[in-house]
Amino acid sequence: MRSDHGTPRILIVDDTPANLSLLVDALQGVGYRPLVATSGERALQLLSQQPLPALVLLDMRMPGLDGLAVCARLQAHPQWRELPVIFMTAVEEPEQKVAAFTAGAVDYVTKPFHAEEVLARIGTHLRLKALQRDLAKELAWRAETERTLRASLTQAVIVAARDGALLFHTPRA
């Protein structure tokens, strides 16, 4: 979601200061508001204390609570399960990638990463999330409209587009 100023907030979870610095600079440079957690435990604390971020960049391998465990907790929490998670790791083994997607990640980047690639992936997933929200609203509106129309089938009802084109009418109309 967005911060008070309309700027998307991105939670970065990584135990390597150099990675955090690179990502914070890149995110701020294009107008995102980065939030930083240096451990899985701290990431979960931030999520419970602040408005939800729009997306999570999550290091797969960290001491303590690793990325897979954090992702599992996100998936188990009703308010957090819809957060897009992009895993980051130096491991390029197919098994690790499969584990990331199985845990609930929407994407995966390998380290050392290029800021432009990470930003492109973030942009893509934020657009997808926005489209999902829009589609959900549209479907809810259509379902409500359909219920209303069904309830009025015994009446004369005409539905027209703004240009006057007939979209729907009941037999009585």
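Consider Val56 carefully, then state whether it is under 18 Å from Thr16 (Cα atoms) and outside any helix (DSSP H, G or I).
Here the answer is yes, as Val56 does meet what is asked.
Name the residues in the stretch 84-94 that are outside any loop (DSSP other than H, G, I, E, B) and under 15 Å from Asp66 (Cβ atoms), would you?
Val85, Phe87, Met88, Thr89
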Q. With respect to the numbered conditions (1) in contact (Cβ under 8 Å) with a residue 40 or more places away in the chain; (2) in contact with a strand residue (DSSP E or B) (Cβ under 8 Å, 6 or more places away or on another chain), which one is the sole condition not fulfilled by Leu22?
A. (2)
Q. How many of the residues in the stretch 113-150 are aliphatic (A, V, I, L, M) and open to solvent by 80 Å² or more (accessible area, probe 1.4 Å)?
A. 4
Q: Starting from the stretch 71-82, take each residue that is modelled with pLDDT under 95 and list its partners that are of a type in the set (Lys, Arg) and surrounded by 11 or more Cβ atoms within 10 Å (Cβ to Cβ), counting only C-beta distances under 6 angstrom and pairs at least six apart or across chains.
A: Gln75/Arg81
Q: Quickly run through the stretch 78-119 and pick out the residues that are closer than 20 Å to Ala18 by Cα and small (Gly, Ala, Ser).
A: Ala90, Ala115
Q. Going through the stretch 112-156 one residue at a time, which ones are of a type outside the set (A, V, I, L, M, F, W, C), closer than 27 Å to Val24 by Cβ and outside any helix (DSSP H, G or I)?
A. Pro112, His114
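The values are calculated or read from the model by the stated rules, or taken from the named source; none is laboratory data. Since the structure is predicted, the reported quantities are computational estimates derived from the model, not experimental observations. Every residue, glycine as well, gets a Cβ built from its backbone with ideal geometry; the counts of neighbours run over all protein chains shown. Protein only, heavy atoms only, side chains kept; ligands, DNA and RNA dropped before computing areas. Shrake-Rupley method; radii C 1.70, N 1.55, O 1.52, S 1.80 Å.
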